[in-house]
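Data first, discussion second: the structure below is written as structure tokens.
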Amino acid sequence: MISFYFAKPSLFSRPVWITLLEKQLDFQPIYVEMGNQEQFSPEFRALNPFSRIPVLVDDGFRVMESQAILDYLETKYPAPKLLPSGAEALATVRMVQMVSINELVPAIGELLMQPEEKRTYAQNRANTALDLFETLLGNAPYFGGDQLSLGDIMAGSLVPVAGDLGISLENHPHLQTWIKTLMSRPAWQHTQLSDAEKARFLRSIRAMSKIWQRRRRQRAEILLEPNKTAPSSSSPGSS
Ligand SMILES: N[C@@H](CCC(=O)N[C@@H](CS)C(=O)NCC(=O)O)C(=O)O
């Protein structure tokens with residue numbers, strides 16, 4: 001049996017969640033309440049000493065780091081196949097995964113945390129990623145060709161969040177069609193935030209910067225002193 005430790009919203013958990021659903025695997029979702037600091041509990045740190053979600057445990061085998069989890073699921077449960085085998089298609093899918101993580105995630109983080117007047121760099125970074133994705137997608141339904149891939153799952157978890165933060169798809173017609181296709185898939189519908197959750201998340205954005213700074217300090221304290229008990233103060237929200 002697969003145990004999936006996650007939170008909602010979580011930029012890194014959703015791609016794993018979508019993958020579990022797309023592969024129609026049986027799994028037990030275990031919600032990690034970040035607002036209650038559960039990621040810092042000794043039980044959770046035994047699963048991930050860096051106090052981060054997602055984590056997957058499959059028949060006693062623990063995997064952390066979202067991209068390692070995706071690779072694990074793809075190899076262990078190959079149907080349906082979410083990585084193409086052609087050299088160019090595979091390179092495209094991997095580029096989309098890596099640009100999503102290395103460019104789009106930090107841009108979204110800055111859009112969440114920076115005041116409006118300091119968002120130009122993050123906006124340009126996000127738009128540059130979208131321009132690249134538009135070109136890579138071309139007229140194909142998915143980044144790897146005719147079939148859904150891990151590239152679509154990564155980028156397709158992040159592009160709507162960037163949209164909520166003001167990054168428009170107005171000049172990206174291929175991406176507009178692609179995102180409509182993804183949104184019609186049950187795995188996307190099942191994992192998206194409800195209107196109430198989204199409103200609560202957007203309301204909490206102003207506090208996010210302070211919450212993340214506090215968690216970064218807590219994580220550093222724990223790594224400096226591993227036997228220290230979990231910090232007790234509580235804070236809302238995840239990412
Ligand atoms: N590189 C990790 C990043 C995971 C990550 O940072 N997850 C966030 C939630 S989206 C987290 O657990 N944050 C811990 C915290 O805010 O204390 C991955 O790809 O899984």
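The values are calculated or read from the model by the stated rules, or taken from the named source; none is laboratory data. All values reported here derive from a predicted model rather than from experimental measurement. Ideal geometry is used to build each Cβ from the backbone, glycine not excepted, and the neighbour counts take in all protein chains shown.
Tabulated values for the structure
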{"quantity": "From the options Gln176, Gln218, residue that is assigned by TED's automatic domain parsing to the domain that holds Thr135 and modelled with pLDDT of 85 or more", "calculated": "Gln176"}
{"quantity": "Test for Ala162: is it under 30 Å from Ala91 (Cβ atoms) and not in a loop (DSSP other than H, G, I, E, B)", "calculated": "yes"}
{"quantity": "Qualifying residue in segment 137-148 (condition: at pLDDT 95 or above, in a helix (DSSP H, G or I) and under 21 Å from the mean Cα position of the chain (by Cα))", "calculated": "yes"}
{"quantity": "Complete set of residues in segment 9-54 that are more than 10 Å from the ligand (Cβ to nearest atom) and basic (Lys, Arg)", "calculated": "Lys23, Arg45"}
{"quantity": "Boolean, Thr191 is touching a helix residue (DSSP H, G or I) at 6+ places or on another chain (Cβ under 8 Å) and either of a type in the set (Val, Ile, Thr) or under 24 Å from Pro54 (Cα atoms) (or both)", "calculated": "yes"}
